[in-house]
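Bear in mind these aren't lab numbers, they're just calculated from the coordinates by the rules spelled out. Keep in mind it's a predicted model, so treat the numbers as computed, not measured. FYI the Cβ positions are ideal-geometry reconstructions off the backbone, even for glycines, and counts take in every protein chain you see.
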């Protein structure tokens with residue numbers, strides 16, 4: 001059973017997907033869904049003009065990590081949330097099953113995630129009139145953990161004391177969406193938080209919700225929106 005915050009994330013994603021499929025203005029639909037839900041999620045739609053043409057096809061990469069190489073930072077529900085979100089896209093938003101790639105736990109290495117996002121999958125299948133959804137459920141690092149104040153998403157094989165070389169920084173994610181995925185519509189959902197045992201001990205190493213992420217910076221570009229979980 002989903003927590004309320006998960007239901008809201010799914011509701012907003014559904015509003016975005018359905019609005020795009022109908023050729024509607026995405027920012028109004030998504031923000032309306034947020035307003036009717038809860039303040040525990042934030043969305044930043046692109047400031048560029050909305051795309052008005054119908055969606056031709058829909059693609060998604062869904063990532064959830066509960067079990068890490070560093071077992072001290074394991075989470076309880078991230079992998080299940082990702083699997084549930086994939087089912088939600090297929091069953092409720094009518095994505096073709098083979099258009100949604102799911103990576104969980106040991107599959108969700110930095111290399112595998114970046115491969116699907118920027119190499120072997122999305123850049124090769126998504127066309128300008130398509131919709132791309134990227135969902136990432138894991139830890140997010142606080143900016144003060146990095147020498148340059150960068151936020152990172154934590155993959156299965158990320159070392160929290162070497163985030164630059166082993167984590168997925170949000171600028172890289174933004175650049176992939178802007179330069180390698182050539183579609184006019186993209187929804188990015190970052191459900192990156194600390195929970196379970198990691199939130200209660202020093203072993204969590206400062207991993208926190210990514211509520212300090214500048215969603216607007218990631219959302220720059222036509223028809224792009226970012227939903228971040230926040231406390």
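When 145, 122 are arranged by Cβ crowding within 10 Å, least crowded first, meaning fewest neighbours, the order is 145, 122.
Order these peptides, 94-106, 129-141, 151-163, 173-185, by their mean beta-carbon neighbour count within 10 angstrom, highest first.
129-141, 151-163, 173-185, 94-106
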